[in-house]
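The values are calculated or read from the model by the stated rules, or taken from the named source; none is laboratory data. Keep in mind it's a predicted model, so treat the numbers as computed, not measured. In this analysis, Cβ positions are derived from the backbone assuming ideal geometry, glycine residues included, and neighbour counts consider all displayed protein chains.
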Amino acid sequence: MAKRIDHEQLLVEIENLYASAPASAETLIEAYLENRLRSLEPAERVAHLEKLTAILASSSVRAVKVLRMEVPCCSGLTALAEAALRASGKDLLLEEIIIEVGGKIEKPAINKKEKM
């Protein structure tokens, strides 16, 4: 079984990538995160989905916000949230907020609402 991702260590490693090569940091970070996520076993990926689904199904939240970087590997966070919403049986507002490579925050013009 693959090692679990230590989030504190992950943040330190990402900060180190920015410090060591600021001009190419986004490319390095994207490749780094993609490799880290690939190290998760399929069962562990499913466990993340099941956990989020359970949280959504048993709570009284009215909306879900996904804050992610614009790099392609982060789009999986939105897909995970969408899948969990469908599996939870809830019809909630899903808002995706994207942090662009330059640091600008892109808010969507239209929010998504899952249809069951």
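To keep it simple, each residue is scored yes or no on (1) at pLDDT below 85; (2) out of contact with any strand residue (DSSP E or B) (no Cβ under 9 Å at 6 or more places or on another chain).
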position	(1), (2)
VAL64	no, no
GLU82	no, no
SER88	no, yes
GLU96	no, no
GLU100	yes, no
GLY103	yes, yes
LYS113	yes, no
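Does the range 46-57 include one or more residues that are within 20 Å of GLU106 (Cβ to Cβ), modelled with pLDDT of 75 or more and among the small types (Gly, Ala, Ser)? No: zero hits.
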